[in-house]
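FYI, it's all coordinate maths here, none of it is from the lab. Nothing here was measured: the structure is a model prediction, and the numbers come from that model. A quick note on method: Cβ atoms are made from the backbone with ideal geometry, for glycine too, and the neighbour counts reach across all protein chains shown.
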Amino acid sequence: MNRVVITGMGIYSTIGKNIEEVNKSLYEGKSGIGFEQIRKELGFRSGLTGILERPNLKGELKRRQRVGMAEEGEYAYVATVEALKQAGIDDDFLDTRDVGILYGNDSSARSVVDSYDLLKEKKDTALLGSGAIFQSMNSTITMSLSTIFRLRGINLTVSAACASGSHSVGMGFYFIRSGLQDVIICGGGQEINYHSMGSFDGLAAFSTRENEPQKASRPFDRDRDGLVPSGGAATLILESYESAVKRGAPILAEIVGYGFSSNGDHISVPNVEGPAKSLEMALLDAKLKAGDIDYINAHATATPVGDLNEAQAISKIFGEKTPFVSSTKAMTGHEMWMGGASEVIYSILMMQNSFVAPNINFDNPDEYSAKLNIAAETIKNHNIDIFLSNSFGFGGTNSSLIVKKIK
């Protein structure tokens, strides 16, 4: 059984376009949420969204590489370049080693809508362009990155709703621990356009606190009224400990546990038992007790039922004395397919810099969140040796990861 470590991280987020910017925002409790008028003009209940501009990759990539890349693929490319650089992985390494990719993504709506609109107008499929098919597939990120970086290992998209990014890291952990791969690019990407959010808005799941966007995402708060959709991309380089040491790579942290479960219940309403089982399995896999965890990055998206049930699941496993808990979604919004990967990065940054990022907008607890040790403000000079990160998704898919500081 190989030890599995993280040797590189990269991120393109609403709270920062690189690791340095994101770390500063986390410490300061800075929100990346805003309002988009066009959503209201289209009939959305909520015009709230994470705000993130698309990167300009002209001059960075050849046109042939760009035309097949959807919006979330652009975010993922930028994040992966940063992660590979930190890991010390260059072109020669990629050309001589079987590096894999497992990336979370569960939609590519904009390209489908754009192609349909063009087809209606032109009545000619030849005019859709050669890149349309590659942009429209859920596997658009892994297809693009595997060809751009010439990857020859495992090549797979993990599609598991809002747990996609987390499961990609968990599956990468399993592949490397079992000896099937030495290095895997893992992560999650999420398109941030309105094209992908109309049907979700129709479920009345989004916050409508439009007059104060940066206070709209309120995980665990008694007055929460829904999530704020967001996106971007986050990349982690997973590597066997032996490989990392042999090449002198920076070792940022070690993954020691992965738990998963399915609720087997309602398609969109979570329960308590499924998440609790995922938490318990992660602890068993890591051979740790609940009291060993120094921080929990909660899934909490600011929906009334979801946060309530997660709070109960955490209390069920951790008892009356929980470690510090916060949901970074209060700042970022719900990054969906990206979130499970980005929140591991957010937590590693806290671990590296000895602080707990605040669960901003937490003013009043409810009956269940009152039982958690929620960090409403930045907790400074707090040592984190081991953290746990939760991600849950539609269909009742649950993922919990435990990451440890390397000493």
Output yes when any residue across the range 279-296 is over 28 Å from Met1 (Cα atoms) and of a type in the set (A, V, I, L, M), and no when none is.
no
Gly172: more than 21 Å from Ser327 (Cβ to Cβ) and surrounded by fewer than 21 Cβ atoms within 10 Å (Cβ to Cβ), yes or no?
no
Residues satisfying the stated conditions in the range 295-321, i.e. crowded, with 19+ Cβ neighbours inside 10 Å, not in a helix (DSSP H, G or I) and not aliphatic (A, V, I, L, M)
Tyr295, Asn297, His299, Thr301, Thr303
Pick out the one residue from Ala341, Ala302, Ala357, Ala370 that is farther than 21 Å from Ile51 by Cα and among the small types (Gly, Ala, Ser).
Ala370
Given the condition within 29 Å of Arg97 (Cβ to Cβ) and touching a Pro at 6+ places or on another chain (Cβ under 9 Å), answer yes or no: does some residue in the range 122-142 qualify?
no
Flag for Gln214 being in a loop (DSSP other than H, G, I, E, B) and either of a type in the set (Gly, Ala, Ser) or touching a helix residue (DSSP H, G or I) at 6+ places or on another chain (Cβ under 9 Å) (or both):
no
Could you tell me whether any residue of the range 64-76 is farther than 20 Å from Ala233 by Cα and surrounded by fewer than 21 Cβ atoms within 10 Å (Cβ to Cβ)?
yes
Check the range 397-405 and report whether any residue there is charged (D, E, K, R) and outside any strand (DSSP E or B).
yes
Within the range 1-33, track down each residue that is under 21 Å from Lys215 (Cα atoms), among the β-branched types (Val, Ile, Thr) and within 14 Å of the chain's Cα centre (by Cα).
Thr14, Ile15, Val22
Given the criterion of a type outside the set (D, E, K, R), part of a loop (DSSP other than H, G, I, E, B) and under 24 Å from Asn18 (Cα atoms), identify the matching residue among Pro270, Pro358.
Pro358
Tell me whether the range 361-368 contains one or more residues that are in a strand (DSSP E or B) and either more than 21 Å from Leu288 (Cβ to Cβ) or without any contact (Cβ under 8 Å) to a residue 24 or more places away in the chain (or both).
yes
Note: among Asp106, Asp95, Asp90, just one is without any contact (Cβ under 8 Å) to a residue 40 or more places away in the chain and under 24 Å from Gln181 (Cβ atoms), namely Asp90
Suppose we filter the range 322-350 for residues that are surrounded by 24 or more Cβ atoms within 10 Å (Cβ to Cβ) and assigned to a helix (DSSP H, G or I); how many remain?
17
